[in-house]
Amino acid sequence: MDTVLKNKSRSKSFQRDLLLSLGGVFLLFAVCFSIYQYQREKDYKIDILHSRLQMYNYEMVQTLGMDSLTNSKLFHNYVERHQIEGLRVSVIDKEGQVILDSYDTNINSLDNHLQRTEIQQALLEGNGYDIKRVSQSTHETYFYSATRFDDVIVRAAVPYSLELTRSLQVDNTYIYFAAALTLLLGIVLYHITHRISRHIGYLREFAVKAEEGEELDHELERRLPDDELGDISHTIIMLYWKLRHSEEDKVRIKRQLTQNAAHELKTPAASIHGYLESILDNPDMPDDKKKHFLERCYTQSERMNKLLLDMSALTKLDEIDDNRSEARKDYRPVDVIQIIQNVLDDTALQLQEKGITPSLQLPQHIEVMGDQSLLYSIFRNLIDNAIAYATGASSLKITCTEVEKEGLHFYEFLVSDNGSGVEAQHLNHLFERFYRVDKGRSRKLGGTGLGLAIVKNAVAAHGGQATALSTPGGGLTIRFTLARF
């Protein structure tokens, strides 16, 4: 219960952080956009008014001409004929002194205008304006627009009437639109983050249960969404189940190996104990019988020794499988043809006694990166298996061809005999540890039941796969691949 509450708390914390971060970014963008749009529209409306007054200034100069611009009578007549409500027009020289003014005829009482914002801009850039400055002579608030013409500046000003204020007022409709859009996206963002947070919470709950070893079910998987997030979560969960099953399989195989090994060792150990006990309990036993018992003890000890060696080989292969990348660092180029020839030389006497003639169909050169002893064990176990179990076989054929699978190059080997073969239901189990087609006969022949398991693991350690097939016409064929050097 505590774990579930913690998961919900963390889920809500994640949702809050995600919502605040994404929402904060969007809100900041909306505020910045609103400020930018407000200033842009304000500047646009000011530019319109400024342009209208500039046009008035230009029309005045063009109508009166530069020579008549400073004529008081012509100036006042023009202003009266082209009067705009509340308009005030001034003519100012470059030193800031007012030459003419449509509002105040006593120009000597007016202050120097050189430091006025619009005058400074007109002197520097040709025109300029100032917003909401109170006139010192009329004490009214004006919008000023000034234009420089050679040595004089014409300035037009309009008072901030209610109508002008409204015309310059920014339309706030876009602000309401931006607020509504922000609210809508906020709601959508909340639902999205809530959904993401909920499904991440499911995945976290699964991970916590897995970590604490609690019993898991597939209910959490069914709650996951059918989208990219769900696909990722399903993949993670599937990897967990595969890993868990793999670990369980390893434990099961090791336990089974231990049980089977104990069972296999018990028989020869009991036989040795019985023979030695008989010898010790019967000091007057005939020498020939005592020798027979000792020979049986030696045979059973050889069987135990072979079983221990095979188990040691499998343990080594399991270590290689767990640390395959590290093990392959020690791999060296190995001549496989020489390995096969060495195995045939070592088993020549047994093959001859069984009446089996080996034949090879190999390329001139076969070289792989691998462990020489493991490669030797592959071919040795296969040939020993044929010698022990290929009843009635007269030939043993070893062939090799080059194949390509998924862009990788391999050597594919076939080791085939023409013996009695194996029934189809046993083929898929031949590489299992301690698996026997005929348990009684296998033990009599001295087999440990680990030979083909060693073959399979040694082949896998060299990047290949091994399978068992029925030889056409009768017999058993072991097909396996080794990664090409």
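The values are calculated or read from the model by the stated rules, or taken from the named source; none is laboratory data. Every value quoted in this text rests on a predicted model; they were computed, and no experiment measured them. We work out accessible area using only protein heavy atoms, side chains counted, and drop any ligands, DNA or RNA first. Shrake-Rupley method; radii C 1.70, N 1.55, O 1.52, S 1.80 Å.
The figures follow:
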| read-out | value |
| --- | --- |
| Å² of accessible area per residue within the stretch 39-98, as computed with a 1.4 Å probe and no ligands counted | 59 |
| For the stretch 332-422: accessible area per residue (Å², 1.4 Å) | 51 |
| Under Karplus coefficients 6.51, -1.76 and 1.60, residue-wise ³J(HN,Hα) of the stretch 390-407 in Hz, glycine/proline x | 7, 4, x, 6, 10, 9, 9, 10, 10, 10, 8, 9, 8, 10, 10, 9, 6, x |
